[in-house]
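The values are calculated or read from the model by the stated rules, or taken from the named source; none is laboratory data. Note that the structure is predicted; figures quoted are calculated from it, not measured. Cβ atoms come from the backbone with ideal geometry, glycine included; neighbour counts cover every protein chain shown. Just the protein is used for accessible areas: all its heavy atoms, side chains included, with ligands, DNA and RNA removed. Shrake-Rupley method; radii C 1.70, N 1.55, O 1.52, S 1.80 Å.
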Amino acid sequence: MSKKLLLIDGHSMLNRAFYGVPDLTSSDGTHTGAVYGFVNIMLKVLEDEKPDHFAVAFDESAPTFRHEIYAEYKGTRKPMPEELRTQVPLMKKVLGAMGVPVMSKAGLEADDILGTISNKYEEKGYEVTILSGDRDLLQLVTDHIKVLLPRTSKGQTTVTEYYPDDVFREFEVPPKGIIELKALMGDSSDNIPGVPKIGPKTATELLKKYGNIDVLKEHIPEVTKKSIRESLEQNFDKAELSRTLATINIKADIDLSEADSEMHDLFTGEAYELIRSLELKSLLKKFGEVAENAEDKRINRFDEVLDLGEVEQCFNDACKAKVVGLAVDFESEEQADSLDSSKNKKADDEKKIAEAHAALMHGDAAKAVILGVAIVTEDHAWYIPRNGFVSPMYLKAHLISLAEKSVGTIYVTDLKNLLKVAELPMSDNIIDLEVADYLLDPLRNDYGTPIDAKSGAMEAFEKGPGFSEEIEKQGMTALLKEVELPLTHVLSKMECSGIRVMPDELKRFSAELGEKMQLLEKEIYEGAGEEFNVNSPKQLGEILFGKMQLPGGKKTKTGYSTSAAVLEKLAPEVPFVQKVLDYRQLSKLKATYADGLSVYIEDEDRIHSTFNQTITATGRISSADPNLQNIPVRTELGREFRKVFIPRDGFTFIDADYSQIELRILASLSGDEKLIDAYKQDEDIHAITASQVFHLPLAEVTPEIRRNAKAVNFGIVYGISSFGLSQGLSISRKEAKEYIDRYFETYPGVKNYLDGLVSSAKEKGYAETFFRRRRPMPELKSSNFMQRSFGERVAMNAPIQGTAADIIKIAMVRVAKALKDENLESKLILQVHDELLIETKIGEEEKVQEILKREMMGAAELAVPLVIDVKCGKNWFEAH
């Protein structure tokens, strides 16, 4: 059986990864996205191909033979983006740590190296695979050399395999014919000129007839199309030049020994440490036993402290340290009495810690206590387990004392849950590692807090100072210390408080929804003329587009599409289709809310949602388990559902909601005088916009015209296109474009501002809020037009939506502080986008309303006033 060699085109694959993976940066600002993408696809191909030998080739920065002779063409290549250029040596370093041979040589391009090495190994009897994003390499394909080309479609990357028959099937020429094709049609991406007016189709037809350009040269007079014939006569020197540029050298002066390229385990300790330092956490999971050994080695640095006097000394020493890494292990309260931490197996401890952590995530602080504390300073690493006099209460008191007396900076992991068992003071010297990490890279999905305190404390100590330095460099220190960290304290208390529901009302609501669904089912069957599973899109599609032959049917792999957009178009003409839409809405209400919320009800009939501070790219807070921010408000039935949420006895609800905050931010940040003036008039902004955009007296603005103006107002904030507006208002794209054009004519400052946001994001690589929160914009450099267009919309919206998120966070911090400072029993218990809900002690209503107005309206100084709507009620429905 032949041995196998895998060769990777380093620059080509790194370039592909750079444009295909969101830009990632480590805490010290190092760009790592291309490295991450490269390693992922490399490991995938290695797993699929299982080669015996492996190497990677890179272009050399020195001029190559072809560069020198044809500098006017090759020398004009577009320079590599700086963010990618810095990752080339980093990628080579990672490969070196993995023990992968990296080939490069002055005077040679990577494809010359790949061509030469693949040719040599083929002669030795090897089966060779080349992974590259460069189609030029298809000229190297033989029966024993195949090329793998990655392709990305709809966000999914697949790898296509090419042997000679595959090349011929796709390009209608043999592998060597790829050179001839390039000679005729050129390649703008590689600055190969080709012959003017000859595209792929014409080039293929000419080669199918004449075989190569040497034969074609002799038969130019026979070319029937005059423009092509004349172009060949006048530019044939370019065809010959292009062939030379496109031809890969397979006899270059370079070698790769079989011993050097022999495949071995890439997951080395050195590679693990390097990948860890780059903070590419998902790659670390692939290191298996190496990762476990490395983590054990780090954890073994800890001294376990049991003596009471030594414990006191540990805390005293930590108070004097300039930098402290701190993390806490929790345990379930039920297990606390039976636990002997020194005798338990590691697996048992991890299970107990995980259970306690889950309880804390649901705001159930009463069910978790401190199991142990890990502390790391420059000189020591201590682990202090619960033991005898060192009780959970003792550890809690000493953690609070450490936070109060520390002269340095304490970096912690999982601050929000730590606060539930030890109410540390609000201090800008206590920094949550996850929150700092999120500020620096808000596009990541995972900022995973290590569940083990030793790993967490070590990570906090090692990464914390770098995070702080980079946040300072990016101008976000105030955002971190004055907004995000105080907010963590607020969210911790909100999770502990929870919100009360009426379980019996939930059951009644569920039954009512079930009855309505049954009635709708019967009406749907009557309209369809038969019974079927209403919950089955496939069966519904067959009835609508198979049996009834209705227009608009689009067949997919699983049957006809019956999405809401499809059904909404049919509903006006087919009455039972609207009933299907109504049925779906009721079904979602029943499953997600009426039935779904019941499983989350805990003591005192309260639901404790988890408020996520590090999920959304714009900075908005999200809610999960359950998502209380998604309680329906657009339908009457959905709004009714809020009646099941009630305050505890002796309290009422006060709800405050910002009025049009994003539009007010747009007016303020754009500086458009007309829009600012419209808000200062304190009148109906949508009616004023309608009046100005459609040149009508205010008194003549009809409800429909106002509705259209409202759609444009809010659409502009989200970078809406004429197509999007036309769909929303059921008007033509031409009409929609006219609406948008008129809007920008009326408010030219808005147009200039939004255009400036896109230009700035392209130049800087990120969008920025009023409070300097950054949202990286990798979409703007995508080779995919749809992604770039999406990026432009995000670049326009992120500063506005992000500023709104910052303002509501500032308001939450201020409101919570004021309630505490004034010794009120009322509590902030829920935040939903631009809305705050206060569980208000009866008798404190006037004071709470005063605080909400003062703190929410004063959260930011804009060119237009911030306005809130405040309501009271005995349930959430009445208060909203």
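Results, tabulated for the structure shown:
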{"read-out": "Cβ pairs under 8 Å, 6+ apart, first in region 382-397 and closer than 13 Å to residue 418 by Cα, second of a type outside the set (Asp, Glu) and assigned to a loop (DSSP other than H, G, I, E, B)", "value": "392/386; 395/386; 395/422; 396/422"}
{"read-out": "Selected residue [under 37 Å from the mean Cα position of the chain (by Cα), under 27 Å from residue 6 (Cβ atoms) and modelled with pLDDT of 85 or more] from 256, 278", "value": "278"}
{"read-out": "Condition check for residue 368: among the small types (Gly, Ala, Ser), farther than 15 Å from residue 489 by Cα and either open to solvent by 20 Å² or more (accessible area, probe 1.4 Å) or at pLDDT 90 or above (or both)", "value": "no"}
{"read-out": "Among residues of region 623-652, those that are open to solvent by 10 Å² or more (accessible area, probe 1.4 Å), of a type in the set (Gly, Ala, Ser) and in a helix (DSSP H, G or I), counted", "value": "0"}
{"read-out": "Helices (runs of 4 or more DSSP H) wholly inside region 102-219 that include at least 3 residues being open to solvent by 10 Å² or more (accessible area, probe 1.4 Å) and either of a type outside the set (Asp, Glu) or farther than 26 Å from residue 57 by Cα (or both)", "value": "164-171, 177-185, 200-210, 213-218"}
{"read-out": "First in region 267-282 and outside any helix (DSSP H, G or I), second anywhere and among the aromatic types (Phe, Trp, Tyr), Cβ under 9 Å, 6 or more apart", "value": "267/287; 268/287; 278/36; 280/36"}
{"read-out": "Candidates 419, 424 - the one that is among the aliphatic types (A, V, I, L, M), part of a loop (DSSP other than H, G, I, E, B) and open to solvent by less than 30 Å² (accessible area, probe 1.4 Å)", "value": "424"}
{"read-out": "Residues that are open to solvent by 10 Å² or more (accessible area, probe 1.4 Å) and assigned to a loop (DSSP other than H, G, I, E, B), drawn from region 13-26", "value": "21, 22, 23, 24"}
{"read-out": "Failed criterion for residue 761 (all others in (1) touching an Asp or Glu at 6+ places or on another chain (Cβ under 9 Å); (2) assigned to a loop (DSSP other than H, G, I, E, B) hold)", "value": "(2)"}
{"read-out": "Condition met for residue 508 (open to solvent by 40 Å² or more (accessible area, probe 1.4 Å), free of Cβ contacts under 8 Å to residues at least 60 places away in the same chain and within 30 Å of residue 829 (Cβ to Cβ))", "value": "yes"}
{"read-out": "Unmet requirement for residue 235, which otherwise passes all of (1) part of a helix (DSSP H, G or I); (2) open to solvent by 50 Å² or more (accessible area, probe 1.4 Å); (3) touching a residue at least 24 places away in the same chain (Cβ under 8 Å); (4) not aliphatic (A, V, I, L, M)", "value": "(2)"}
{"read-out": "Filter result (buried (at least 22 other Cβ atoms within 10 Å of the Cβ) and acidic (Asp, Glu)) within region 793-828", "value": "806"}
{"read-out": "Some residue of region 435-444 being closer than 14 Å to residue 375 by Cα and either under 23 Å from the mean Cα position of the chain (by Cα) or buried (at least 21 other Cβ atoms within 10 Å of the Cβ) (or both)", "value": "no"}
{"read-out": "Some residue of region 445-458 being at pLDDT below 95, open to solvent by 10 Å² or more (accessible area, probe 1.4 Å) and in contact with a Leu (Cβ under 9 Å, 6 or more places away or on another chain)", "value": "yes"}
{"read-out": "Members of region 382-416 found to be β-branched (Val, Ile, Thr), crowded, with 20+ Cβ neighbours inside 10 Å and not in a loop (DSSP other than H, G, I, E, B), listed by number", "value": "384, 390, 410, 412"}
{"read-out": "In region 283-311, the residues that are open to solvent by 60 Å² or more (accessible area, probe 1.4 Å), at pLDDT 75 or above and either among the hydroxyl-bearing types (Ser, Thr, Tyr) or assigned to a helix (DSSP H, G or I) (or both)", "value": "285, 286, 289, 308, 310"}
{"read-out": "Filter result (small (Gly, Ala, Ser) and either within 26 Å of residue 436 (Cβ to Cβ) or touching a Phe, Trp or Tyr at 6+ places or on another chain (Cβ under 9 Å) (or both)) within region 590-615", "value": "594, 609"}
{"read-out": "Residue in region 593-601 that is in contact (Cβ under 8 Å) with a residue 40 or more places away in the chain, not aliphatic (A, V, I, L, M) and not in a helix (DSSP H, G or I) present", "value": "no"}
{"read-out": "Matching residues, region 248-266, being assigned to a helix (DSSP H, G or I) and either touching a strand residue (DSSP E or B) at 6+ places or on another chain (Cβ under 6 Å) or within 29 Å of residue 178 (Cα to Cα) (or both)", "value": "261"}
{"read-out": "Candidate set: region 582-624, residues that are of a type in the set (Asp, Glu) and at pLDDT 90 or above; chosen: the one farthest from residue 839 (Cα to Cα)", "value": "582"}
{"read-out": "Of all residues in region 685-733 being under 34 Å from the mean Cα position of the chain (by Cα) and of a type in the set (D, E, K, R), the one that is most open to solvent (accessible area, probe 1.4 Å)", "value": "733"}
{"read-out": "Options 677, 655: the member that is within 22 Å of residue 859 (Cα to Cα) and either assigned to a loop (DSSP other than H, G, I, E, B) or open to solvent by 40 Å² or more (accessible area, probe 1.4 Å) (or both)", "value": "677"}
{"read-out": "Answer residue from region 61-89, given it is under 26 Å from residue 257 (Cβ atoms) and either hydroxyl-bearing (Ser, Thr, Tyr) or surrounded by 17 or more Cβ atoms within 10 Å (Cβ to Cβ) (or both) and is modelled with the highest pLDDT among those", "value": "88"}
{"read-out": "Qualifying residue in region 837-845 (condition: under 22 Å from residue 627 (Cβ atoms) and over 29 Å from the mean Cα position of the chain (by Cα))", "value": "yes"}
{"read-out": "Residue 531 vs. criteria under 24 Å from residue 638 (Cβ atoms) and free of Cβ contacts under 8 Å to residues at least 24 places away in the same chain", "value": "no"}
{"read-out": "Top-ranked residue in region 781-792 [being under 24 Å from residue 669 (Cα atoms) and under 15 Å from the mean Cα position of the chain (by Cα); ranked as most open to solvent (accessible area, probe 1.4 Å)]", "value": "790"}
{"read-out": "Strands (runs of 3 or more DSSP E) completely within region 767-877 that count 3 or more residues being closer than 30 Å to residue 642 by Cα", "value": "827-832, 835-841, 868-873"}
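Results for (1) aromatic (Phe, Trp, Tyr); (2) modelled with pLDDT of 95 or more, shown as yes or no for each residue.
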{"residue": "3", "(1), (2)": "no, no"}
{"residue": "7", "(1), (2)": "no, yes"}
{"residue": "21", "(1), (2)": "no, no"}
{"residue": "32", "(1), (2)": "no, no"}
{"residue": "36", "(1), (2)": "yes, no"}
{"residue": "49", "(1), (2)": "no, no"}
